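In what follows, a structure is listed as structure tokens, so that the remarks can point back to it.
What follows draws every value from the coordinates through simple rules; no lab data is involved. Quick caveat, the model's predicted, so the values are computed rather than measured. As a convention, Cβ positions derive from the backbone with ideal geometry for all residues, glycine included, and neighbour counts pool all protein chains shown.
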């Protein structure tokens, strides 16, 4: 019976590259998928494109493609990725140039566009539903990208593309599309699309399925995380799958790792909305069938939604941050004095949401939950706040550094930074208002 083997080459933009090379060389896969877009990533990429029209794609695209293209071309492994970010056409052109530099001719590279709906948002806000409340002022908008589904990916696969580069596409769709292409699943077979979405959701975060973001020494031990292997799904025509990793690679793949990833970022397991299907994970069965081998089946789904989600990225002010350390028997008392000095000094500036944390004492769980924590011998004070301008935000690291000579004894390691805040809100757009485009180029 035919099966399709898909490897997860990345779970975020800055992910390790060597596990993907391992998959290409030793994973016996047909497709290698790189999922590299978080919510803010595409807004940040759009900001880069505004500065340089040839930019806006994943900053590690060249390094990744240079690393995996030789093996993928030699073995006929298809590559699918959203590394196109805000500029899929430039990403495809760069990939073509890399292939030519490597002496790889005849590769068909597809660029998928159409997810960018910022101009449409500017022209007709009434078309968009805003369930999260009113959108921020238009002069702050950086990006608006609709989550496309499998349709443009299927078109590219039907055009015999060897490499597909997209912008904003729903994460599971990157994995669902090759399954639909290989098995001939229809666009309205909700049960198969639901099960295929289970496969995609489990793979989309790559190393999280094989023990990354899972380990807790003494409770959930994971071997050899320094050489974590990324997962492979061997999928059958009914959508059931055996998940594994390259033999000898680090990490752990079992029922627990799969269960955690299945529930990751899921509000309602019985109604996971994607552009292609409303998937139902509530009946999923996860069984260990061998060392680092897990069988997954039982997903289903129902008719896709009439709207597509749109992520709107916008400029949301600036954050200033500063830190300084104190050590010794009275470290905490000196850090508290430093905090009081900063609070009075910064009260004269237009800084909002100002907060102070004692790293090592209450910076994660807050003062209420940490009220009975033991006082540490060494502590680091952190101050952070929001401002409407970079100049105002910069007062926080400036005043933190001034504590060297204008604050308690023994302060050291002062550091600070200021940065612009790129925030995200969501909207909905009728799917018929979004038109995709597929452009093919050859190396």
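Just a few scattered comments:
- For the chain, the longest principal axis of the alpha carbon atoms and the long axis of helix 88-101 meet at an angle near 70°.
- GNM remark for the chain: springs join alpha carbons under 10 Å apart, and the peak mean-square fluctuation among 198, 33, 284 falls on 284.
- The chain: mean projected area of Cα convex hull, nm²: 23.9
- Candidates 201, 349, 181: whichever shows maximal mean-square fluctuation once the chain is modelled as a Gaussian network with Cα springs under 10 Å: 349
- FRET E, pair residue 267, residue 431, Förster distance 22 Å, beta-carbon r, rounded to 0.05: 0.55
- Mean-square fluctuations from a GNM of the chain, with a 10 angstrom spring cutoff on Cα atoms, peak among 84, 411, 301 at 411.
- Counting only DSSP beta bridges with both residues in the chain, the antiparallel share comes to about 80 percent.
- Kirkwood Rh and Cα Rg combined as Rg over Rh, evaluated for the range 25-118: 0.98
- Degrees separating the helix 331-346 axis from the principal Cα axis of the chain, which is the longest one: 90
- Debye log10 I(q)/I(0) for the range 312-424, one point scatterer per Cα, at q = 0.15, 0.17, 0.19 Å⁻¹: -0.64, -0.79, -0.94
- Cα gyration tensor shape of the range 333-388, rounded if a/c is under 1.5, else prolate or oblate by comparing a/b with b/c: prolate
- Spatial separation of Cα centroids for the range 134-160 and the range 85-121, in angstrom: 15
- Our Cα-only numbers for the range 72-191 put the radius of gyration and Dmax at 17.0, 52 Å.
- Highest to lowest packing among 152-162, 336-346, 167-177, scored as the average C-beta count within 10 Å: 167-177, 152-162, 336-346
- Where N is the number of residues in the range 1-40, Cα Rg divided by 2.2 N^0.38 Å: 1.30
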